[in-house]
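Here's the structure, in structure tokens; my notes come after.
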Amino acid sequence: MEVAAVDADVPEVRDYEEITAFLGDWGPFQKLIFLLLSVSIFPNGFTGLSIVFVGDVPDHRCSIPANLNLSEAWMNRTIPLVPGDDPHYSKCSRYRLDVIVNLSETFPDPDLVNMSGVEQEPCLDGWEYSREQYISTIVSEWDLVCNDDWKSPFSVLMFFAGVLVGSLFSGQLSDKFGRKIALFGSMAVQFVISSLQVFSPNWEIFCLLNFLIGLGRTSKYIAAFVLGTELQGKPIRILFCTLGVCISYAIGYMLLPLFAFFIRSWRMLLLAFSFSGLLYIPLWWFIPESPRWLMLNGRSKEAEEIFRYIAKKNGVMAPDVLFSDLEIEDMKAKSTKSHNPIINLVKTCNIRVITIISILLWMIINIGYYGLSLNTPNLHGNDYLNCFFSAAIEIPGYIASWLFLRRLSRRFTLTGTLLLAGAVLLLIQFIPSAISGLVTVLVMTGKLAITCGYAMIYVYTAELYPTAVRNTGVGMSSMASRLGSIVSPYIFYLGFYHENLPYILLGSFVALSGILVLLLPETFNHPLPDTIEQMQNIKRFRCRGVHKNHFCISKKRNLNTVEKGRKIKPATGLQQNQISL
């Protein structure tokens, strides 16, 4: 057999990290991009959860026409008292007004009348809303109460449905037109739609525009996330994904109750949020396109111009020739190469089970995160302070996740945070109503733990999947998480049946998700797998065709190995990810 000679002088195709090594990892340009892209995430914090105040339900009661000429004493008796552990006046019914008028003419003092036998009727003349906290909300403007109380959470559902659709198409738009175009295009869409929503004539139009806002919001977030990841060096990426993006989102979330405290009208509040988008127009001239994307699409000249611009900003000398002819040809070849289909996520038993567990984890964590975030008006105490604390508690959560990702096991830290969140939420049902402040403390503790898990699951999922399907795997999990977001507004409506039922359900689901994490393999200090065959095996789950070196391989390959009489020594430690099958 003849063996072709290898020419030692033929240059090799370098990877992206080798090509850009001369730029450094943390120069002035990288610091500026880190700051600008992080700042661009601020609006996501208050647009996503503004419904907490825009759609809050003020205290209300049936409206009583003033032309009835009832005395003040009789006006106060037109609303029936609902008995129970917490007696309160009915919000959806009143005594029949014709009966009240007749009784008032006969009995000037209503205390002389037994009202228990008086027939009741719905609020035929609308409702009166308290203006103690709000000038207006969408609930008070369009009477989204009583039989129409489902409409307020439905408007939240429409927002998260837009986020779901946006997550399906934003990646494709970013891959086709570029990260920068996707980022600023979604900013423009979000500004225009948010401005139009201020003038919504009815609830139906408001919901439609809320859907479009959700679509633009997630497109902007994903584009900024991907662009920052591709422009930063390897040591800075985890820092950008956790402290940069996530803390910026939390700061924007913290600004929400501050704006809402001073702006009590829902239309003016949304107008203030929408015009904040104008502040980001100048970023167009400071944020470049992703050189990785340009190189992948065969646009080497544009990528070279950006590299030389970065080198100038960092004060370093760029090589005279950045790309060899072979590397340029390689870029052109990659630009026409098709990507792996979604079917690869269920190709083998091992990756199939990892995909199912990842989808469940993302859904449950999202239900817990948004369920607790949207529930802040229902907590005891000041709504604005509760919302601020719910946002501020995320910052130590993101910092903790960054420290955990740097130092500790992915599997056990994620399990610990989710079990902690589940335990404190389940503990709420045993807290007496007399010490309601303790309930708020437990809810904030649960929010802290879930936020930490929310940040960690991004990195952990990316490390579980091989390079061949990593983007597809994370995208599928992210899409599943949007389904959890859609469900979250209705979780706390179960409180009408039992006060602690929402916390019992959330605590049980989150604790279950913590147990599911134990089935996943550990990725800390393990090299990222490039192919499906190099993935680590799931724990405590036997796949058909599992080889004794802990990889899921086919029976056919096992039989071929036995027939040839080959003996494979079991791999341990980091070697498991380096075996070529």
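The values are calculated or read from the model by the stated rules, or taken from the named source; none is laboratory data. Predicted model only: the values in this text are computed from it and were never measured. Quick reminder, even Gly has a Cβ in these numbers, built from the backbone with ideal geometry, and neighbours come from all protein chains shown. These accessible areas exclude ligands, DNA and RNA; they are computed on the full protein's heavy atoms, side chains included. Shrake-Rupley method; radii C 1.70, N 1.55, O 1.52, S 1.80 Å.
Descriptive notes on the structure:
- Net length gained if the chain between E72 and L519 were fully extended (0.36 nm per residue, minus Cα distance): 154.3 nm
- Per-residue surface analysis assigns E522 an accessible area of about 30 Å², computed on protein heavy atoms at 1.4 Å probe radius.
- Loop chymotrypsin sites (Phe, Trp or Tyr not before Pro), the range 260-316 (other Cβ atoms within 10 Å of the site Cβ: 13 or fewer; DSSP): F286
- S130-A188 FRET efficiency (beta carbon distance; Förster radius 41 Å; 0.05 resolution): 0.60
- Zone residues, the range 503-518, relative to I435, backbone N less than 20 Å from point 7 Å out along Cα-to-Cβ: 503-504
- For the range 169-218, the Stokes-Einstein estimate of translational diffusion at 20 °C and a viscosity of 1.002 mPa s comes to 188 µm²/s, using the Kirkwood hydrodynamic radius over alpha-carbon pairs.
- Euclidean distance between Cα centres, the range 281-309 to the range 105-165, Å: 54
- Taking 0.36 nm per residue of sequence separation and removing the Cα-Cα distance, the S63/H526 pair yields an extension gain of 160.1 nm.
- If R0 is 35 Å, the Cβ-Cβ spacing of A392 and D25 corresponds to a FRET efficiency of close to 0.70.
- Loop-located trypsin sites (Lys or Arg not before Pro) in the range 129-197, at most 16 other Cβ atoms within 10 Å (DSSP): R131
- Cβ-Cβ FRET estimate between E119 and L512, R0 fixed at 41 Å, reported to 0.05: 0.25
- Cβ-based net charge around F159, under 11 Å, with every Lys or Arg adding one and every Asp or Glu removing one: +2
- Bins of 5 Å from zero: percent of alpha-carbon pairs in the range 91-140: 4, 17, 21, 17, 15, 11, 10, 5, 0
- Amide H to amide H, with H built 1.01 Å from N, S290 comes under 5 Å of R179, K180, counting only residues 5 or more places away or on other chains.
- Couplings 3J(HN,Hα) for the range 122-136, derived from phi with the Karplus relation 6.51 cos²θ - 1.76 cosθ + 1.60 (θ = phi - 60°), are x, 7, 6, 10, x, 10, 10, 10, 5, 10, 5, 10, 10, 6, 7 Hz, where x marks Gly and Pro.
- 5 angstrom amide H check on W127, placed H, neighbours 5+ away: S63
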